[in-house]
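All remarks here apply to the structure that follows.
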Ligand SMILES: O=C(O)CCC(=O)C(=O)O
Ligand SMILES: [Fe+2]
């Protein structure tokens, strides 16, 4: 059953036991304070591109404090609106229409791509209060276009354009980050994507939930990506980030893109940049949507800390790992509420 169906069917204020958080009861589930996460003006950042401008300093402080930041002046505005509208329209359709894109082969075998819930890999897995449409966008020749919604008609073009535009923003920011680290090559991260980098899109739908104090929209996790570019609902909050053992609300600034540092950047930067732990909380009043783009190094490649960030004072803090193997680990650990990054720490 999809979470959207569950949410619609619940007459009494209760939710099935699998969704109820048990191990996290001590975590502060409400009353978070808004995190003062800065907005980086991309145009300004690129104009003074020696890595020492005010905007670059702001970027450094945002990454070091929060591991995530918002980006304005990115040139993606019109496409963002199209993408969010198309995603909203997809989830608004009746269940049968969405089930054409199901992530269950023959109704039972789970595949990553398509519409539905997460794979359930153990009976005690705590489920998330969300339905998703998960699609591989790059490499382009690996797209399963049959799983890309034909309705609304704008969906496919919007996703294609949105990914292309955001890919440029991501490269600009990764070059600025290489400068902050004073790496010899500004393209250090960009080049590391390899020949066949992987980009996945995740359109998430979080219905209203009768028991927000017991149920997560998405469990605490860090992203296994290089970076994640996220477009959040500009009407409803829910995303929170962990810092100093306290959960903070991530602010909503309409028309900004949210960049989240992923584990692959943490590894390549030898821990100078860290991937933040974040989660999504639910609410009783309003559904919420988000569209995430996961940018990853070619899964067949290995990643390791940059030799330039290893020295006498700071040894290599992470082991070399094949990206594909890291993903497998990451998914398993996520379902168990554990962090994959801990498995590659020296
Ligand atoms: O929906 C959101 O705001 C965040 C989603 C997220 O963290 C993820 O999909 O990795
Ligand atoms: Fe995430």
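All of the numbers you see were taken from the coordinates with simple rules; none came from a lab. Given the structure is predicted, the values throughout are model-derived calculations rather than measurements. Because the Cβ atoms are built from the backbone with ideal geometry, glycine has one as well, and the counts that use them run over all protein chains shown.
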- segment 98-145 - percent relative contact order, Cα under 8 Å, separation 6 or more: 28
- Query: If the chain between residue 144 and residue 234 were fully stretched, how many nm would it gain, using 0.36 nm times the residue separation less the Cα-Cα distance?
  - Reply: 29.5 nm
- Message: Given axes a ≥ b ≥ c from the Cα gyration tensor, I'd like to know whether segment 219-278 is rounded (a/c under 1.5), prolate (a/b larger than b/c) or oblate.
- Response: oblate
- Cα gyration tensor shape for segment 51-129, rounded if a/c is under 1.5, else prolate or oblate: oblate
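What is the chain's relative contact order, in percent, from Cα pairs under 8 angstrom and six or more apart in sequence? Don't skip to the answer; put the middle values down first.
Values: 665 pairs, mean separation 73.1, N = 346.
Relative contact order for the chain comes out at 21 percent.
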- Query: Based on the alpha carbon coordinates of segment 208-253, what radius of gyration and maximum Cα-Cα distance (Dmax) apply, in Å?
  - Reply: 12.1, 35
- Message: If you average the C-alpha positions of segment 161-240 and of segment 260-325 separately, how far apart do those two centres end up, in angstrom?
- Response: 10
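If I stretch the segment between residue 283 and residue 346 completely, what's the gain in nm (0.36 nm per residue apart, minus their alpha carbon distance), one decimal?
Gain on extension, residue 283 to residue 346, equals 18.7 nm.
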- Note on the structure: A correct Kirkwood calculation over the Cα atoms of the chain returns a hydrodynamic radius in Å of 20.6
- Message: With both bridge residues required to lie in the chain, what share of the DSSP beta bridges run antiparallel, to the nearest 5%?
- Response: 90
- Query: Residue separation times 0.36 nm, minus the C-alpha to C-alpha distance between residue 81 and residue 117: what's the value?
  - Reply: 10.4 nm
- How far, in degrees from 0 to 90, does helix 155-180 lean away from the longest principal axis of the Cα atoms of the chain, to the nearest 10? 30
- Obtain the nm distance between the two label points defined at residue 61 and residue 100 by a simple spin-label model: each point lies 7 Å from its Cα along the Cα-to-C-beta direction. 5.1
- Assign one of three labels to segment 226-346, namely rounded, prolate or oblate, based on the Cα gyration tensor with a ≥ b ≥ c the square roots of its eigenvalues; rounded applies when a/c is under 1.5, prolate when it is not and a/b is larger than b/c, and oblate otherwise. prolate
- Message: Among 220, 207, 152, which one shows the highest mean-square fluctuation when the chain is modelled as a Gaussian network with alpha-carbon springs under 10 Å?
- Response: 152
- Item | Kirkwood Rh and Cα Rg combined as Rg/Rh, segment 122-236 | 1.03
- Note on the structure: From fewest to most C-beta neighbours within 10 Å, the residues 140, 195, 55 line up as 195, 140, 55
- Item | Between helix 77-92 and the chain: long-axis angle, C-alpha atoms, 0 to 90°, nearest 10 | 30
- Query: What nm value, rounded to one decimal, do you get for the distance between residue 89 and residue 153 when each label is placed 7 Å out toward the C-beta?
  - Reply: 0.9
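Among 154, 335, which comes first, then next, by fewest other beta-carbon atoms within 10 Å?
On the way: 154 15, 335 19.
With the sparsest Cβ surroundings first, the list reads 154, 335.
Could you put 302, 161, 142 in order, starting from the residue whose Cβ has the fewest other Cβ atoms within 10 Å?
By the 10 Å Cβ count, ascending: 142, 302, 161.
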- Message: Under a crude label model (7 Å from the Cα following the beta-carbon direction), how far is residue 310 from residue 32 in nanometres?
- Response: 3.5
